[in-house]
Structures are given as structure tokens and as C-alpha cells.
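Chemist: Can you read through this structure? Questions will come right after.
The values are calculated or read from the model by the stated rules, or taken from the named source; none is laboratory data. Because the structure is a prediction, the values reported are computed rather than measured. Reconstructed Cβ throughout: ideal geometry from the backbone, glycine too, with neighbour counts over all protein chains shown.
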Amino acid sequence: MLKLAVMVSGSGSILEAMLAADLPVALVVADRPCRGLEIASWHNVATTLVDRKHFGRPFDRAKFTAAIQSALDAAAPDLVAMAGFMTVLGPAIFKSYGGRIINTHPSLLPDFRGDHAVRDCLASGAATSGCTIHIATPELDAGPILAQATVQVLPGDTEASLHERIKRVERQLYPETLAQMLLGRVPA
Ligand code: GRF
């Protein structure tokens with residue numbers, strides 16, 4: 001049985017879509033207490049909280065990344081899906097899980113990398129936005145692209161309204177792409 005681990009930090013609506021699509025989610029890892037962890041519990045999925053606030057000031061990214069990696073190792077997942085996970089992982093984890101950590105990002109990469117993709121897209125005046133499913137690498141939002149979908153920017157859009165329309169697309173495209181990967185149809 002193939003296993004998927006999902007990493008969350010927020011509302012977890014994409015995780016919810018993965019569970020609704022019957023993806024084999026074996027573990028949910030979070031970097032902070034969040035609704036994503038509650039969703040996992042409602043579905044009887046194992047959870048691990050590696051709370052980033054316990055990793056010092058300045059933030060010890062290497063130690064945090066090692067703790068995330070031990071949590072993942074315990075479940076031995078075939079694929080790891082970041083779904084709104086908001087801490088940048090250190091390079092060490094990509095040695096063990098290289099090519100097997102997938103991310104979704106709310107822009108048409110390579111445009112608007114980083115934490116404020118939707119805000120930056122709106123500020124640019126672009127007529128279209130969208131989402132990108134890609135393989136995560138040590139360089140943020142820069143790994144090989146697996147799938148993209150376009151979303152129109154509408155007059156009067158706010159960051160929240162545009163992001164919600166992008167997330168509707170992510171909730172469909174991300175589970176579909178992961179299902180194809182687990183079936184071996186998209187090279188990981
Ligand atoms: C998604 O738009 C994802 O691309 C971004 O965070 C959002 C996660 O939403 N990194 P949710 O927590 O699954 O509702």
C-alpha cells in the first residue's frame with residue numbers, strides 16, 4: 001500500500017480535498033497548531049506536531065528540518081505533499097526525500113514565488129493567476145513543474161477572493177496530480 005504524508009500549517013482545505021479524493025494519507029505533519037491537524041483527527045489519520053516555536057530565536061532551521069524528517073521517517077511515506085505548509089525546510093531533507101516532496105503554490109510559477117504570491121499578483125495588475133504543482137527543491141518555489149491551471153483575476157478582486165478561487169482549483173488539480181504520481185504515471 002502506497003503512503004502519502006501531508007504537511008500543513010493552516011486551514012487544511014486542500015488536505016480535506018485529498019482525503020475526499022481517497023488519497024492514502026497515512027500521516028499529517030504540522031509546524032503549528034492548526035485546523036489541518038483537526039481535519040486529520042476527524043478522519044482518524046495519524047498526526048505529528050513539530051511546533052516551530054520550540055526551535056529558538058533565531059530559528060534553528062536545521063534542527064527543525066531534522067525533527068520534521070524523523071516524523072516523516074516514522075511513517076515511511078512514498079510521497080510527501082506540502083499543502084499550505086508555511087516553514088521553509090533546510091536542504092538536508094531533500095537528500096533523503098529528493099523528488100518525493102511535492103508542493104502547491106498559488107501562482108503560475110515562475111511568477112510570484114514566495115509567501116505573498118496572491119498579493120504580489122494583484123499588485124502587478126496581471127489579468128491571470130493560477131496555481132502550480134511542483135517538485136519541491138531547496139530553492140523555494142523553483143522545482144520542476146508538474147501541473148498548472150489558470151484562474152482569471154476579476155475586477156474588484158481582493159487577496160482573499162482571488163486566493164479562494166485559486167484554492168478551488170488547487171483542491172482539484174493537486175489531488176489529481178498526486179493520484180497520478182502514486183500510480184507511477186508522473187515521474188517523481
Ligand atoms: C494554498 O493556496 C497553498 O497553495 C498555499 O496555502 C494555501 C493552503 O490552503 N501555500 P489550505 O490551508 O489548504 O486551505
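Chemist: Do you know which of the residues in region 32-61 that are within 16 Å of the chain's Cα centre (by Cα) and part of a helix (DSSP H, G or I) is surrounded by the most Cβ atoms within 10 Å (Cβ to Cβ)?
Modeler: In this case the residue turns out to be Gly36.
Chemist: When you scan region 1-22, how many residues do you find that are more than 10 Å from the ligand (Cβ to nearest atom), at pLDDT 95 or above and either at positive phi or surrounded by fewer than 22 Cβ atoms within 10 Å (Cβ to Cβ) (or both)?
Modeler: 5
Chemist: Please identify the pairs in which a residue from region 19-30 that is in contact (Cβ under 8 Å) with a residue 40 or more places away in the chain has its Cβ atom under 6 Å from the Cβ atom of a residue that is assigned to a loop (DSSP other than H, G, I, E, B) and among the hydrophobic types (A, V, I, L, M, F, W, C), counting only partners at least 6 apart or on another chain.
Modeler: Pro24/Leu2
Chemist: Anything in region 111-136 that is under 26 Å from Gln180 (Cα atoms), assigned to a strand (DSSP E or B) and not aliphatic (A, V, I, L, M)? List them, or say none.
Modeler: Selection gives Ser129, Gly130, Cys131, Thr132, His134.
Chemist: Only one of (1) within 23 Å of Cys131 (Cβ to Cβ); (2) among the hydroxyl-bearing types (Ser, Thr, Tyr); (3) outside any strand (DSSP E or B) fails for Thr104. Which number is that?
Modeler: With respect to (1) within 23 Å of Cys131 (Cβ to Cβ); (2) among the hydroxyl-bearing types (Ser, Thr, Tyr); (3) outside any strand (DSSP E or B), Thr104 is out only on (3).
Chemist: Kindly indicate whether any position in region 137-159 is more than 11 Å from the ligand (Cβ to nearest atom), surrounded by fewer than 18 Cβ atoms within 10 Å (Cβ to Cβ) and assigned to a helix (DSSP H, G or I).
Modeler: Yes: one or more hits.
Chemist: If Ser96 satisfies all but one of (1) within 16 Å of the chain's Cα centre (by Cα); (2) at pLDDT below 95; (3) not in a loop (DSSP other than H, G, I, E, B), what's the number of the condition it fails?
Modeler: The number of the failed condition is (1).
Chemist: Regarding region 104-113, can at least one residue be identified that is hydrophobic (A, V, I, L, M, F, W, C) and surrounded by fewer than 16 Cβ atoms within 10 Å (Cβ to Cβ)?
Modeler: Among the residues of region 104-113, not one is hydrophobic (A, V, I, L, M, F, W, C) and surrounded by fewer than 16 Cβ atoms within 10 Å (Cβ to Cβ), which makes the answer no.
Chemist: Somewhere in region 62-71, is a residue outside any helix (DSSP H, G or I) and either on the phi < 0 side of the Ramachandran plot or not small (Gly, Ala, Ser) (or both)?
Modeler: Looking for residues that are outside any helix (DSSP H, G or I) and either on the phi < 0 side of the Ramachandran plot or not small (Gly, Ala, Ser) (or both), one finds none in region 62-71, hence no.
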